[in-house]
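K.L.:
Encoded as structure tokens, here's the structure I'll be asking about.
The numbers here are math on the coordinates, done by the rules we state, and not lab data. For clarity, every value in this text was computed on a predicted model and none was experimentally measured. When we count neighbours, we look across all protein chains shown, and the Cβ atoms used for this are built from the backbone with ideal geometry, even at glycine.
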Amino acid sequence: MRKLFAAVVCAAAWGVGGGATAQEMPIIELSAGIHRIEAEVAYTQPTRMVGLMNRRVMPKHRGMLFVFDAEARHCMWMRNTLIPLAVAFLDEQGRILNIEEMQPQTENNHCAAKPARYALEMNAGWFRARGLGAGIAIGGIERAPAPR
């Protein structure tokens, strides 16, 4: 069974009304090669469900890391998400399985090509602009809180 999770917004951290608070989603530093990422971590069911919804902007090197309870072919969608995003589905070691570009306010499913443990959402085109694709490891995943 596929799980659907909405693409997310931490409103308090970026000053937009609605959504989870910064206290609910810790921020960790990740890396993709030489590129630094500040990622809010959605590791509880409520924060995974809210994600980046209702957000109007996201800083260039910010993103959101979803930590799932189990490896599965997780899917994302963009209901109530106002900005275009790219999602990288990651395996247990943080290697990119596939990347999907997502359009705002749509309900199309964007799914992991193989069982994924994480999903990393960034602004649309972020991975492509840096030449990042399948097989590249995202560093710092081990610092993410365990899913709840």
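K.L.:
For an R0 of 35 angstrom, estimate the FRET efficiency from the Cβ-Cβ distance between His61 and Ala134 and round to the nearest 0.05.
P.N.:
0.95
K.L.:
Using the 10 angstrom Cβ neighbour count as an exposure proxy, how do Asp91, Asp69 rank, fewest first? It would help to have the intermediate numbers written out before the result.
P.N.:
Working: Asp91 17, Asp69 14.
The fewest-first ordering by Cβ neighbours comes to Asp69, Asp91.
K.L.:
Still on this model: I'd like the distance separating the alpha-carbon centroids of segment 112-148 and segment 23-68, in whole Å.
P.N.:
11 Å
K.L.:
Based on other C-beta atoms within 10 Å, arrange Val50, Val87, Val67, Val57 from fewest to most.
P.N.:
Values: Val50 24, Val87 29, Val67 20, Val57 12.
Exposure proxy ranking, most exposed first: Val57, Val67, Val50, Val87.
K.L.:
What are the residues whose amide H is under 5 Å from the amide H of Ala116, where those residues sit 5 or more places off or on another chain and H is modelled from the backbone?
P.N.:
Amide H to amide H, under 5 Å and 5 or more residues apart or across chains, Ala116 pairs with Ala72, Arg73, His74.
K.L.:
Okay, which of segment 50-89 sit inside 17 Å, backbone N to the point 7 Å along the Cα-Cβ direction of Asn98?
P.N.:
71-78, 86-89
K.L.:
Quick one: if you stick a label point 7 Å off each Cα along the C-beta vector at Glu38 and Ala72, how many nm between them?
P.N.:
It works out to 3.2 nm between the two label points.
K.L.:
Evaluate the distance, in nm, between pseudo-label points positioned 7 Å from the Cα of Thr106 and of Ile27 along their respective Cα→Cβ axes.
P.N.:
Calculated label separation equals 3.0 nm.
K.L.:
Highest first, please rank the peptides 107-114, 34-41 by the mean number of other Cβ atoms sitting within 10 Å of their residues. All intermediate terms of the calculation are to be shown ahead of the outcome.
P.N.:
On the way: 107-114: 15.6, 34-41: 18.1.
Most protected by this proxy first, the peptides run 34-41, 107-114.
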